[in-house]
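The values are calculated or read from the model by the stated rules, or taken from the named source; none is laboratory data. Since we're looking at a predicted model, the values are computed, not measured. All Cβ positions, glycine included, derive from the backbone under ideal geometry; neighbour counts span all protein chains shown.
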Amino acid sequence: MPWRRGAPGEPGGVERYRRLLTVPGLRTTLVLGLLVKLPVIAIPMVLSLQVSLGLGRSLSSAGVVTGAWMLGVMAGAPLVGWAVDRAGLRPVLVLSAAAQAVFWAVAAGLSHPALVAGALVSGVLLVPGSTVTRFVISADVPPEHQQAGFALDAVTSQLSYLAGPALGAVLATQTSTTTAAWGLGCVLVLGLATFAVRARAGEAVPDTADGGPGTRASAPGTAPATGKTELVARLLPMLICGFAAGLVSSGFELSLLGVMREQGEVHWVGLLITACGVYAVAGGVLYGALPATLSPVAPVLLLGLATVPLGLVPDWRFLLAAVLPAAMLSAASFAATATACGRLATAHTRGRTVGLYGAVVAGGNAAGAPLAGLTGAAGGPATGFLAVGSTAIVLALLAWLLRFTRVSSLRPLVSQEG
């Protein structure tokens, strides 16, 4: 089923957000999440400028450092999630804040090999703002309001993508790379430390069979996964969709740059990327206000279909309008996949669920740009859109097939129990 209608009387539109924001502490969590997301999104830019300007090395050397950091984030996300399930959110945030404080305090003075190693360790021990906000939404927000909650998380992520890299670049080029590293580190550590202070000591309490502490009712039509094998099996379609959304997100920007360069209109790239960010914010807000819950397959499939033909648009003015559907579906795809994952998590698997989701999104982000770049170099810039869009379509259909197969395999058991 591509969507699930809300329960009778369940609100939609602005009322859904109004009720969501009455959840105690959620407004502060979203603001703090944005505070942490901004420096995290700026990290690749600041590291690249530190290598190219501060150390006087090539862009390929800068790519090695940022690649090491991204690899650390991907590898560390499941480990961070496991640690949260075992020890709770607060100790993990304290460790992460301490690690980030040490790295960013010395990053500007490190040699290239040391910077590569430090970036890798920093990435492994990083708790991104999205991870914390998704954890809190999954734990504290009632199931009927989680769609709006994850939509707002996607919206704040889009806002950070709009502002983070630009702020990092301005700080590094107008002051110094050392100032940029220290400033980024201060904001990041401040945000993580504030999250740690606000974290409750019992946020990793396992679910109990009798509905005791740590138990929260599942969304209608879903049941929390319990064992490790079942958890991975039920999450797999959502994780595939999350990977596809991340892949399109990063491949989209590089393909857009390639098409604009081919048209001789590179100076309009900033306007187009800003427009995409605004469209994505609007798409996330609209998705969260829907009275029905979409399967994550639907927006990801539509995202791929909307991306494929963009390389054929002949002029940047038409492209400004043509990117609207894909950009709006981008935030909706992230919100839908996060919502689906959050509803399958129990208290003792919530950290691993959020961590796995963060890892696959980061993996998609890491894969999208190389895919668009390689295909664009071989077949022209337009093929970048074709490659990432087609890949998203294939992955969405694979996720649908896995969900369909699982539902079909459960029907005989349901019939026997009935």
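Okay, here's what the table says:
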read-out	value
R57 being modelled with pLDDT under 85 and outside the structural domain of L159 (by TED's automatic domain parsing)	no
Residue within the range 132-153 that is within 12 Å of V40 (Cα to Cα) and either outside the structural domain of S249 (by TED's automatic domain parsing) or modelled with pLDDT of 90 or more (or both) present	no
Residue within the range 63-72 that is at pLDDT below 85 and within 27 Å of Q174 (Cβ to Cβ) present	yes
